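One structure below.
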Amino acid sequence: MTQHIETDVVVVGAGTAGTFFAWRLAQAGFKIVVLEKRRLEELGTDIGIFHMDEIRFAQFGIPLPTGDELVGARSPRPYPDGRAWPPDGDGCKLVNYAFYVMEKPLFIQRLHRYAALAGVQFIEQAAVGDVIIENGTLAGLRATVDDEALAVRARLVADCSGIGGAVRTRLPDDFGVENDPISDDDTLFVILQYWDDIEGDHPTGLNFYPFHKTFCNPSYGDGAILGIGQPGSYEQAERVQQAFLAERFPNPHRLVKRCQGRTPFRRPPYSLVGDGFMVMGDAAFMTKPFSGEGVTSGFTGCQIAAEVATAALAKGDVSRAALWPYNVRYFCDQGAKFAELLAQLPAAAELSRRDVNYLFEQDIIFSGAGFTRMNRDFEVRRSTGEVLSLTTKLIRGVVSGQFSTASLKALLGAMSVSGKLRAAYERYPETPAGFEPWVADVRPLWRAVGK
């Protein structure tokens, strides 16, 4: 026997992106069903603690955290700033940007309550299977719940399933949305170590080590979380983390727990919509290129998608063309900024310790103001005078032997390609008719970026 459900929208994934999107559409008066492969109470437990920008709560209409949801000092106020550290020495940069440190499971459960009160129906332990395609339109999904078959028919299907893209990767090749699974090279493998009873001096508050792709953030009580994200594999992340800890954190301590997870680190699909379909959050690779964090950047996509979907559903038209404004609004703004940043990362990742130390010392790329603007605006805009000053410093570094000629050429090349990519995304086609020519122009630029 197969159970049948009909609804306005079926959302796959009850994490932060899926729940936020479902909540917004339920508030607009639509019938929403969310399928989640795990138990709701398990979501977020694999990571435990995360941080969220103070300014994003008001931006997305989410009340500030209180009580047990807060970690560290459990203060009603956020951590007001953080520090970015060079590979060597103590010349850190102060980042004047406030974050809350929070319990992710409790935050997700709070979003679940908001969504449920708005009328969202959650179905736990629902393993998504085949997609239902009718006349070229995505009309629903098949799933299994407690070994029982389930068929959900919906006017709109939203893939918010996370890095695996449970719906996107099942779409037919001619659907108009890339269906390739993410590769290990495009994945950040994240390892978190929760420490307590730490002996000796160590940084407190929020600390970021960009050369090592690591961080030291508050944990419970006086403890700390030592985290890392590396592409390729957990084994690679483990090797780099152990070398970093031996170098910068040899402090005796008690290991409370170790956990791990994956986050996407690649460009989004060229299109986020198809007939009856939208993809967002980690399933659309909306993570921040400079940190790998994706909760709030995913909310940006979800908020746009909810507004576009509300208008399309109200008109009774969920075609690719009707949903296309989601593509345009996302890629012309946050998507363009992320494309520019992502294109610069391969060159930045090849910089030597000496190079990065020089960039920190001279406030080139790695400055407190730059980090602040990066977190707040997802970009660092510079005047012509500032660009000339930075270029002079880089040339001076090459002449003095503190910065390599190869790194200078790589950075300048990356900046050229990244600028072209941003400009291309800011010219995202207004209708599907211009999509294929646009992809033909953009694809060679991404090939030039490399890994």
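Averaging the Cα positions of each part gives two centres, and for region 293-316 and region 96-164 these lie 14 Å apart. Going by a ≥ b ≥ c, the root eigenvalues of the Cα gyration tensor, does region 55-106 fall in the rounded group (a/c under 1.5), the prolate group (a/b larger than b/c) or the oblate group? Prolate. Here LYS104 is the anchor, and the aspartates and glutamates within straight C-alpha reach of less than 18 Å, apart from those fewer than 8 places off in the same chain, are GLU36, GLU41, GLU42, ASP46, ASP53, GLU54, ASP68, GLU69, ASP282, GLU293. Taking a ≥ b ≥ c as the square roots of the eigenvalues of the alpha carbon gyration tensor, region 184-264 is prolate, as a/c is not under 1.5 and a/b beats b/c. Charge dipole of the chain (Cα centre as origin; +1 on each Lys and Arg Cβ, -1 on each Asp and Glu Cβ, all else neutral): 980 debye, rounded to the nearest 20. Computed from backbone phi, the HN-Hα couplings of region 142-157 come to 10, 8, 10, 10, 6, 6, 9, 6, 9, 10, 10, 9, 8, 6, 9, 10 Hz, rounded to whole numbers (Karplus: 6.51 cos²θ - 1.76 cosθ + 1.60, θ = phi - 60°; Gly and Pro given as x). Less than 5 angstrom separates the built amide H of GLY140 from those of ILE132, ALA154, all sequence-distant by 5 or more or on a different chain.
Take every pair of alpha-carbon atoms less than 8 Å apart whose residues are at least six positions apart; their mean separation over the length of region 39-167 yields a relative contact order of 20 percent. Look at (1) 26.4; (2) 25.1; (3) 23.1: the one that is Kirkwood radius over Cα pairs in Å derived from this structure is (3). Peptide packing: for 294-304, 78-88, the average count of neighbouring Cβ atoms within 10 Å per residue gives the ranking 294-304, 78-88, highest mean first. The C-alpha atoms of the chain define a longest principal axis, and helix 384-400 lies at about 50 degrees to it.
Candidate cross-link partners of LYS93 among the aspartates and glutamates, defined by an alpha-carbon separation under 13 Å and a same-chain spacing of 8 or more, comprise ASP81, GLU361, ASP363. Considering helices alone, the calculated mean residue ellipticity of the chain at 222 nm is -12000 deg cm²/dmol, with DSSP H runs of length four and up weighted by -39500 (n - 2.57) and normalised per residue.
Checking the table LYS257/LYS288; LYS31/LYS315; LYS337/LYS420; LYS288/LYS393; LYS288/LYS337 against a 19 Å threshold on Cα-Cα, which pairs fail? Check vs 19 Å cut-off fails for LYS257/LYS288; LYS288/LYS393. The distance separating the Cα centre of region 186-224 from that of region 39-65 comes to 19 Å.
Between the helical axis of 405-426 and the longest alpha-carbon principal axis of the chain there is an angle of about 30 degrees.
Look at the alpha carbon pairs under 8 Å that are at least 6 residues apart: their mean separation over the length of the chain gives a relative contact order of 16 percent.
Read the figures in this text as sums done on the coordinates, not as results from a lab. These numbers were taken from a predicted model, which means no experiment stands behind them. Here Cβ is always computed from backbone atoms with ideal geometry, including for glycine, and neighbour counts include all displayed protein chains.
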